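Below is one structure, written out as structure tokens, with a few remarks after it.
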Amino acid sequence: MKLLLLDADHCLSRALIDEGALRSDVELISERARHCGSSQLASWAPDAVIVPPMLSPVGVDYAEMAAHVDQVETVLEACCACDVPLVWFVSDQVFDDGADLPIEESALPAPRNEGLQRLLETGNRIRERLNEHFVVRTGPLMALDGQEAWLARILETMIEGRVLRAAEDEIVCPTPVQAVSRAVIGMLAQQFSGANAWGTYHLAGVEPVSLYTFHGVVRHQLEIQLARRHIDMMPGEVQPLHHHHDQPLRRVLNCRQMLETFGVHQKPWRLALDAMLEQWCRARFDKEETEP
């Protein structure tokens, strides 16, 4: 299975590269560029193209969003011309109003934000023009390295002693980037073995939590790691924000179709967090102790 991975410096791309290195049935072509033309695609001749997500589309200006969707649509044109499947990841923020109940794959986003509307239009074009596609909606990606590595940014801010502010009334499903990389490679392997289940899927964590509580758990676990290493450091405080005064905004993705179709089980993000914090602290502090 040969996969073309665009935007190779993205945190999800880094995780896919690591996962691919562990498997004998995967050949990855990784490109730093965020798009490719039909001639390039024809020369590489991959079995599928993977495009990582813009992780926080709500927080970018329209010009940046327009550039992102233009690049995705360039890839779409190439995939259509060469008859190559496309895997495109999109942030759960496309559901900008959230929902009281877990959001099904069949739910149609109706964002009010103009940039998110452009994102939605691109997803619709993929569905209309390319039968063999995965559009994968995912929660906030927990990652330690690569562009948009959310967890690493939180940890760096905390050890610098700076205050972090996080919404107490925004409920999300943090998603370990390693789990996403394993799942998508497994999905593609099943597809190329006859699964015939292209379409839109949700892939997120199974433990909904407010952004404020998530940051608090990260801080607490960081304190434990520091104490184990006898490091006298007080991480920066976490302060709550309130954006949604009537009721909390819940962006909880129901991943039932992913489970029923591909057998992908998502584990609680807390389990992954412990291992990721251990890994980050080992690289950040244990290395410093051994340097002359």
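For the range 220-272, the set of residues classified as among the charged types (D, E, K, R) and touching a helix residue (DSSP H, G or I) at 6+ places or on another chain (Cβ under 6 Å) consists of R229, R251, listed by residue number. Residues considered: G146, G161, G199. Of these, the only one that is small (G, A, S), open to solvent by 10 Å² or more (accessible area, probe 1.4 Å), within 15 Å of F262 (Cα to Cα) and in contact (Cβ under 8 Å) with a residue 60 or more places away in the chain is G199. Applying the selection to the range 114-143, what residues are out of contact with any Leu (no Cβ under 9 Å at 6 or more places or on another chain), under 19 Å from A48 (Cα atoms), open to solvent by 40 Å² or more (accessible area, probe 1.4 Å) and in contact (Cβ under 8 Å) with a residue 24 or more places away in the chain? Hits for the range 114-143 are R127, N131.
Of all the listed residues (L12, L4), the sole one being open to solvent by less than 50 Å² (accessible area, probe 1.4 Å) and in a strand (DSSP E or B) is L4.
Of all the criteria given as (1) closer than 17 Å to T200 by Cβ; (2) open to solvent by 40 Å² or more (accessible area, probe 1.4 Å); (3) within 17 Å of the chain's Cα centre (by Cα); (4) not β-branched (V, I, T), the one not satisfied by E104 is (3).
Exactly one residue out of D97, D70, D92 is open to solvent by less than 50 Å² (accessible area, probe 1.4 Å) and either in contact (Cβ under 8 Å) with a residue 12 or more places away in the chain or among the charged types (D, E, K, R) (or both): that is D92.
The residues of the range 13-41 that are within 15 Å of P52 (Cα to Cα) and aliphatic (A, V, I, L, M), listed by number, are A15, L16, I17, L28, I29, A33. Tallying residues that are within 19 Å of the chain's Cα centre (by Cα) and assigned to a helix (DSSP H, G or I) within the range 55-66 yields 5. Considering Q221, Q239, the condition of being of a type outside the set (A, V, I, L, M) and either in contact with a Leu (Cβ under 6 Å, 6 or more places away or on another chain) or under 30 Å from N131 (Cα atoms) (or both) is satisfied by Q221 alone.
The values are calculated or read from the model by the stated rules, or taken from the named source; none is laboratory data. Bear in mind the structure is a predicted one, so any value in this text is a computation, not a measurement. Don't worry about glycine lacking a Cβ; one is built from the backbone with ideal geometry, like all the others, and counts go over all protein chains shown. These accessible areas exclude ligands, DNA and RNA; they are computed on the full protein's heavy atoms, side chains included. Shrake-Rupley method; radii C 1.70, N 1.55, O 1.52, S 1.80 Å.
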